[in-house]
Amino acid sequence: MTHSDDALLPLDAVRPPASSKDTKGAVVAAPERPVARVVVDSPLPHLDRPFDYLVPAAMHEAARPGVRVRVRFAGKLIDAFLLERVDESDHEGKLTPLERVVSPEQVLTPEIAGLARAVADRYAGTLTDVLRLAIPPRHAKAEAEVPPPADPPPADPPPAESPAADLAPEAAPSGEAAQSASPAVARAAASASPVAAQAAEPGAPAAARAAGSGVPDIVRATGSESAAVAVAQVASGAPAAIGGARDVGGSSFSGRGLEPPAPMNGRAEQDGTPRRVATRPAEAPARGRTASRPEHMNRTDTPERAAEGRKSAWDAYPTGPSFLDALRHGRAPRAVWSALPGATGWAGAMAEAVLATLDGGRGAVLVVPDGKDVALADAEFERLLGPGRHVALTADLGPAERYRRWLKVLRGQVRAVVGTRAAMFAPVAQLGLVAIWDDGDDLHAERLAPYPHAREVLGLRAHRTGAAMLIGGYARTAEATQLIAARWARPIVAARTTIRSLAPRVRPAGEDAELAKDQAARQARLPSLAWRALRQGLESGPVLVQVPRRGYLPALACRHCRAPARCVLPPTRIAPHLAAPVPGGRQTAALGEAEPDAGALSTATEATGGTPEGHGSGESLCHGPLALRAGHAAPYCRWCGRVDADWRCPSCGSPRLRAVVTGARRTAEELGRAFPSVQVRTSGRDGVLAGVPATRALVVATPGAEPVAEGGYAAAVLLDGWALLGRADLRAGEETLRRWMNAAALLRPSAELVVLGDAGLPSVQALLRWDPITHAERELGDRAELGFPPAVRMATLTGSASAVRQMLDEVRLPPDAQVLGPVPVDESGLERAMIRVRRGGGAALSAALKGASGVRAARKTPDVVRVSVDPLDLI
């Protein structure tokens, strides 16, 4: 085509391409809703609010709510999420345009945005920190590999309207539940009563922030007042009716209190208008069945299925069938499930609950502690749900595979998710069930700010979306007991006769008394009772030995004076102003410190009895604990990693060491010598076994790493109970019982279990009777009397002494707040202060601490103070 041919073309063909700028260089705004409200990727608390940007005309189609964008903020290009687009901005000046849309994928759904805002307010954190936990990093290749669906994913259902009775401040049990609850539990439930009324007040901090800080609609997906009530109610255990559900013993879950809207039989348009008529799950013909679904996957827990020999795991619980029926018919029951022992497993029952939810036309999320539990649940989901109906999300997948699976959930290709704590934010459409297994495991607590707990996040999510919630475990936590006492959830417990028929035969053995009678067993730390249990168990299958500590000999002491053995070598690197001159040493230019040669260090060590010359004051020594990696190895420092073969006790000068704590590998070595013809397998930090066959074997495992034995273990021994019970921790007794019951549940029915602990201890008594409920109620009552969570809300401030004291002076705490401390945390110079309020004042406390953190950040205070709300490690 020649230039003369241009005259023959229409005008639109020769018009230059559209530009986002006019002839004078000004940016042309989008024709509709030209203002974009974004949340920038900044961890600073005083910037935790949406900012308005101009949408150029060229980005009008791509800049949709939920996409990733790049914006210029404070002179730098940073990442951000587009929350919503509006017609006008409250900003009076000129708006900065968006730089570009990173990806057209709408990764931030309205439901997750509202949940992230509620979690940030609950834990005194920022929205950006929560979104960093909720949305995985983008992987462009994986995003391009997964084909998008033909239609947009179903719109998230609006929040279910709870009746007024659900938000009433009275939370004390009444009637039949009050008779079964202990007085201590009733007092603990009564302490949570004022929270709903306070959260619903117009002047409540959470509601005020949501209504007056310019939070966009995507964040206020459920309304500001509803969000504030949701945060306060779930955090406090305020009652939400379950529709006439009664206590255990003939009760049923009708779930009328929070009934979600009917699922759509077709996908929604982008404007939210349904393409087809919505029908309730009960009215939909052949609900949950598709042409490609196998026939056996369409069967549910019906009498016909029972006749075929397909018995449900929930039939062993009086309220189990009604719980599944409530899920299948779209209702929202909330339950705390005490799983049965006897090697029956828990993954199958969880899979049945998820299947019932899917049959009701809704999605499900299951959160488990670690990868071993994910593998168990993944296998059961694959067997029961069928291939391709769920995904497993773990950190071990790698960035590409994890993002690929997460996109399947986002795009509605799968509606069932199982994973570790990051899966609590999975963007499942039309969520119908959130479940958590073993909520007492500390792996459910996030290690990154704002340090949320999976149980609390799932509780918030269940309340906001009107979904059901299931908290399962062999033991029961005080937090779960609080929810039952406040009638926010109902218990699912088997009959005592069923529990006794499946529980192991527990026999306690006090270490001191048994070892005094049996001197030959002192070398292996096992009384004769434990030896007999192991020997008899090996005749019929594998046996389990649980050891609280990993490694070989993780703690040593002087054999003469019993003083703890610590490293007496200088640190590997010393600051120049702390480095002391060492005779005969050479100066290191890079570090500016004196490095002694081998001869000088040896001479100094011999002269000072283990303390090198120049470091005798102890100010510059490592002081790390010594340990052994093997029987013929020299002691090494667990902090600096160096070997100290010439160690001598600084107190008495003795070079001899003794073991204070014996690890799993040393225990396996001792048992291997005692049973030379039996295979010894270890499961712990170095390698976790998922399962073991039913053949004869000695399995030595640390808590949480016990593999599942085919058919169950024939016997088990729980060693060193004092190491678990003697920890300086508020949850020592509860955590010990949880670890013991998790191991004991892997045994065959009526198998012998020997626990090395005093029979008079409450944790041992609860294990003997297999009664975690009474133990949890007593634990909750004790905490309510002493003023510890979950009976109260508590926050900790950790930092340098001056920074913590300065923040305590500046923060505007609620009137009833009690400040404890600050006190030194360790030898590093950090201090910690604890702030305690009643449960109704939790939202005000979080808002006050977040405001104080924002003031310090805006002032650019160099010392950082870590704020943690309801942490696990209080003591």
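The figures follow:
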{"quantity": "Label-point separation in nm, A694 to V819, each point 7 Å along Cα→Cβ", "calculated": "6.4"}
{"quantity": "Potential lengthening between E785 and K141 on full extension [0.36 nm per residue; Cα-Cα distance subtracted]", "calculated": "226.3 nm"}
{"quantity": "Cα convex hull volume per residue for region 769-875 (Å³)", "calculated": "111"}
{"quantity": "Amide H contacts of L657 (H built 1.01 Å from N, under 5 Å, at least 5 apart or other chain)", "calculated": "R559"}
{"quantity": "Computed E for S828/E32 - FRET, C-beta separation, R0 51 angstrom, nearest 0.05", "calculated": "0.35"}
{"quantity": "Ranked packing of 338-351, 48-61, 463-476, most packed first, by mean Cβ within 10 Å", "calculated": "463-476, 338-351, 48-61"}
{"quantity": "Inter-probe distance in nm under a simple model that places probes 7 Å from Cα toward Cβ, at R496 and D863", "calculated": "5.7"}
{"quantity": "For T96, distant residues with modelled amide H under 5 Å away", "calculated": "L54"}
{"quantity": "Ratio Rg/Rh, restricted to region 297-439 and using Cα atoms, in which Rh is the Kirkwood radius", "calculated": "0.95"}
{"quantity": "Accessible heavy-atom area order of H46, H390, highest first, probe of 1.4 Å", "calculated": "H46, H390"}
{"quantity": "E61/A400 FRET efficiency (R0 22 Å; Cβ-Cβ; nearest 0.05)", "calculated": "0.20"}
{"quantity": "D315-A801 pseudo-label distance in nm [points 7 Å out on the Cα-to-Cβ vector]", "calculated": "6.7"}
{"quantity": "Ordering of 691-701, 710-720 by packing [mean C-beta count within 10 Å, highest first]", "calculated": "710-720, 691-701"}
{"quantity": "Region 31-84 - Rg and Dmax from Cα coordinates, angstrom", "calculated": "11.0, 34"}
{"quantity": "Mean Cα-pair separation over length for region 700-825, i.e. relative contact order, pairs under 8 Å, 6 or more apart, %", "calculated": "20"}
{"quantity": "Difference of contour (0.36 nm per residue) and Cα-Cα distance, D729 to R685", "calculated": "13.6 nm"}
{"quantity": "Size of region 409-494 as Cα extents on the principal axes (Å, biggest first)", "calculated": "38, 28, 22"}
{"quantity": "Zone residues, region 434-457, relative to V855, backbone N less than 16 Å from point 7 Å out along Cα-to-Cβ", "calculated": "none"}
{"quantity": "Mean Cβ neighbour count within 10 Å, used as a protection proxy, ranking 733-741, 127-135, 809-817 highest first", "calculated": "733-741, 127-135, 809-817"}
{"quantity": "Cα lying deepest toward the dipole's positive end in region 31-96, options A74, G93, A57, charges on Cβ", "calculated": "A74"}
{"quantity": "Net charge dipole size for region 656-771 [Lys, Arg +1 and Asp, Glu -1 on Cβ; Debye, nearest 20]", "calculated": "340"}
{"quantity": "Two-decimal ratio, region 673-779, of alpha-carbon radius of gyration to 2.2 N^0.38 Å", "calculated": "1.12"}
{"quantity": "Full-stretch length increase - S677, L872 - with 0.36 nm per residue and alpha-carbon distance subtracted", "calculated": "65.8 nm"}
{"quantity": "Once the Cα gyration tensor of region 733-822 is diagonalised, semi-axes √(5λ) in Å", "calculated": "40, 15, 10"}
{"quantity": "Largest-first principal axis extents of the Cα set of region 358-511 (Å)", "calculated": "53, 37, 34"}
{"quantity": "Hydrodynamic radius (Kirkwood) for region 351-421, which is based on Cα pairs only, to one decimal in Å", "calculated": "12.1"}
{"quantity": "Cα Rg, Dmax (largest Cα-Cα span) when computed across region 647-716, Å", "calculated": "16.5, 54"}
{"quantity": "With all protein chains modelled, accessible area of K76 [1.4 Å, Å²]", "calculated": "140"}
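The values are calculated or read from the model by the stated rules, or taken from the named source; none is laboratory data. Keep in mind it's a predicted model, so treat the numbers as computed, not measured. Using ideal geometry, Cβ is built from the backbone for each residue, glycine included, and neighbour counts are taken over all protein chains shown. For the accessible areas, the whole protein counts, side chains as well, though only heavy atoms, and no ligand, DNA or RNA atoms are used. Shrake-Rupley method; radii C 1.70, N 1.55, O 1.52, S 1.80 Å.
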